[in-house]
Amino acid sequence: MSTAQQRKYLVTGGAGYVGSVVAAHLLEAGHRVTVLDDLSTGHRAGVPRGAEFIEGRIQDAAKWLDPSYDGVLHFAAFSQVGESVVNPEKYWVNNVGGTTELLAAMRDAGVRTLVFSSTAATYGEPDQVPITEDLPTAPTNPYGASKLAVDHMISGECAAHGLAAVSLRYFNVAGAYGAHGERHDPESHLIPLVLQVAQGRREAISVYGDDYPTPDGTCVRDYIHVADLAEAHLLALDAALPGGAADRGVRPGEHLICNLGNGNGFSVREVIETVRQVTGHPIPEIAAPRRGGDPAVLVASAERAKERLGWRPTRADLAGIVADAWKFAEARRRESE
Ligand SMILES: NC(=O)c1ccc[n+]([C@@H]2O[C@H](COP(=O)([O-])OP(=O)(O)OC[C@H]3O[C@@H](n4cnc5c(N)ncnc54)[C@H](O)[C@@H]3O)[C@@H](O)[C@H]2O)c1
């Protein structure tokens, strides 16, 4: 398939969960995609068919980036919060150091459009919900701090060298898109963990704290379907590319930061109950004490993404998100049998 406006993109981290779904959307829209991934946490099989694949590090992006690229979508990072607490240097070296090299390679190649995966973890524990982009950033772990440092780095790059950039601050990404879904190892995200219980690969799910000031006492999070998230990336490119959506355009020199979430919170108990309903399996729970740094409620305001990118999430229904993730988890289980 080709479109009138076929573009060529470098997708760093395109063998991982979110990057592979976005790469698949770009290909379906008729664009050319090169995935650059060192497979440190990603999987070769995750790279969508039709993408060129380079097994390599963003630290060496200058070897491959050239002026034929219209833009870069930058997903490559380490993203395990717990690991970042015990091994923070790994996060600074890869997430921040790696992006320094990537930005230099983009500068040298004259590639002036960037979409970056930022995170709700940049806000830390805000005392106001829904969370807007103008709230103070105060990450509570080195992972969040490293992503915030990259956001600052990108702002400087825009101001000094005319990059047009969009940072998308994802809340809890969930669900699957066809053959692409979550397969983090170790898994730390709630929905795939509860699905592992449904599959009998884990005995029970730990519920960390049931005395929060929320309707059922458990933490509330904003789950966004990975396909909704992917659509936001295509809109962000459209806004930031020269000749893109002129009315909402992100001009060279501008760094637009947008939250991506549904604006709807679901509690840990609601997620577990939804998994019970979708899978038909009982899900034993273990009551565990609160974890430090877990705020009661994290819900996004995505008004800015709606206004500036024209984005609308259309898959906000938790049962649908869980059903897609379950289909993916079951397909993987059958493959491995
Ligand atoms: N999944 C979420 O809920 C979530 C939420 C907020 C932000 N994010 C951000 O989205 C991005 C993607 O997350 P994900 O869940 O898909 O993680 P993932 O681990 O599945 O994907 C990251 C990919 O980057 C690759 N990578 C890491 N360092 C690299 C390097 N130096 N050079 C080349 N490739 C490298 C890995 O091999 C992997 O394929 C990350 O930047 C993460 O911080 C994710």
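The values are calculated or read from the model by the stated rules, or taken from the named source; none is laboratory data. What you see is a predicted model, and the numbers here were worked out from it, not measured in a lab. Positions of Cβ are generated from backbone atoms using ideal geometry, with glycine treated the same way; all protein chains shown enter the neighbour counts. We work out accessible area using only protein heavy atoms, side chains counted, and drop any ligands, DNA or RNA first. Shrake-Rupley method; radii C 1.70, N 1.55, O 1.52, S 1.80 Å.
For region 26-72, filtering for residues that are of a type in the set (Gly, Ala, Ser) and touching a Gly at 6+ places or on another chain (Cβ under 8 Å) leaves 3.
Filtered by the rule that a residue be within 13 Å of the ligand (Cβ to nearest atom) and either surrounded by fewer than 24 Cβ atoms within 10 Å (Cβ to Cβ) or more than 23 Å from Pro142 (Cα to Cα) (or both), region 99-113 gives Thr100, Glu101, Ala105. The residues of region 306-330 that are part of a helix (DSSP H, G or I), touching a Leu at 6+ places or on another chain (Cβ under 7 Å) and closer than 25 Å to Val250 by Cβ, listed by number, are Arg308, Leu309. Candidates in region 24-34 are the residues that are out of contact with any strand residue (DSSP E or B) (no Cβ under 9 Å at 6 or more places or on another chain) and not charged (D, E, K, R); of these, the one that is nearest to the ligand (Cβ to nearest atom) is Ala29. Comparison of His180, His184 shows that the only residue that is crowded, with 24+ Cβ neighbours inside 10 Å, within 10 Å of the ligand (Cβ to nearest atom) and under 15 Å from the mean Cα position of the chain (by Cα) is His180. Is it the case that Gly253 is more than 16 Å from Tyr223 (Cα to Cα), in contact with a Ser or Thr (Cβ under 7 Å, 6 or more places away or on another chain) and outside any helix (DSSP H, G or I)? For Gly253, the condition - more than 16 Å from Tyr223 (Cα to Cα), in contact with a Ser or Thr (Cβ under 7 Å, 6 or more places away or on another chain) and outside any helix (DSSP H, G or I) - is not met.
Selection of first residues in region 99-112 that are among the basic types (Lys, Arg) and of second residues that are in a helix (DSSP H, G or I) and open to solvent by 60 Å² or more (accessible area, probe 1.4 Å), restricted to Cβ pairs under 7 Å at least 6 apart or on distinct chains, gives the following pairs, ordered by first then second residue: Arg107/His161.
Scanning region 251-260 for residues that are buried (at least 23 other Cβ atoms within 10 Å of the Cβ) and modelled with pLDDT under 95 returns no hits.
Pick from region 1-34 the residues that are aliphatic (A, V, I, L, M) and part of a loop (DSSP other than H, G, I, E, B): which of them is surrounded by the most Cβ atoms within 10 Å (Cβ to Cβ)? Within region 1-34, the match that is surrounded by the most Cβ atoms within 10 Å (Cβ to Cβ) is Ala15. Scanning region 70-98 for residues that are touching a residue at least 12 places away in the same chain (Cβ under 8 Å), of a type in the set (Val, Ile, Thr), within 14 Å of the ligand (Cβ to nearest atom) and open to solvent by 50 Å² or more (accessible area, probe 1.4 Å) gives a single hit, Val81.
Within region 204-218, not a single residue is over 25 Å from Ala296 (Cβ atoms), crowded, with 21+ Cβ neighbours inside 10 Å and over 23 Å from the mean Cα position of the chain (by Cα).
For Asp216, the conditions (1) within 12 Å of the ligand (Cβ to nearest atom); (2) charged (D, E, K, R); (3) more than 30 Å from Gly243 (Cβ to Cβ) all hold with the exception of (1).
Scanning region 149-173 for residues that are open to solvent by 20 Å² or more (accessible area, probe 1.4 Å) and in a helix (DSSP H, G or I) gives Ala149, His152, Met153, Ser155, Gly156, Ala159, Ala160, His161. Scanning region 35-69 for residues that are more than 12 Å from the ligand (Cβ to nearest atom) and open to solvent by less than 70 Å² (accessible area, probe 1.4 Å) returns Pro48, Gly50, Ala51, Leu65, Asp66, Ser68, Tyr69.
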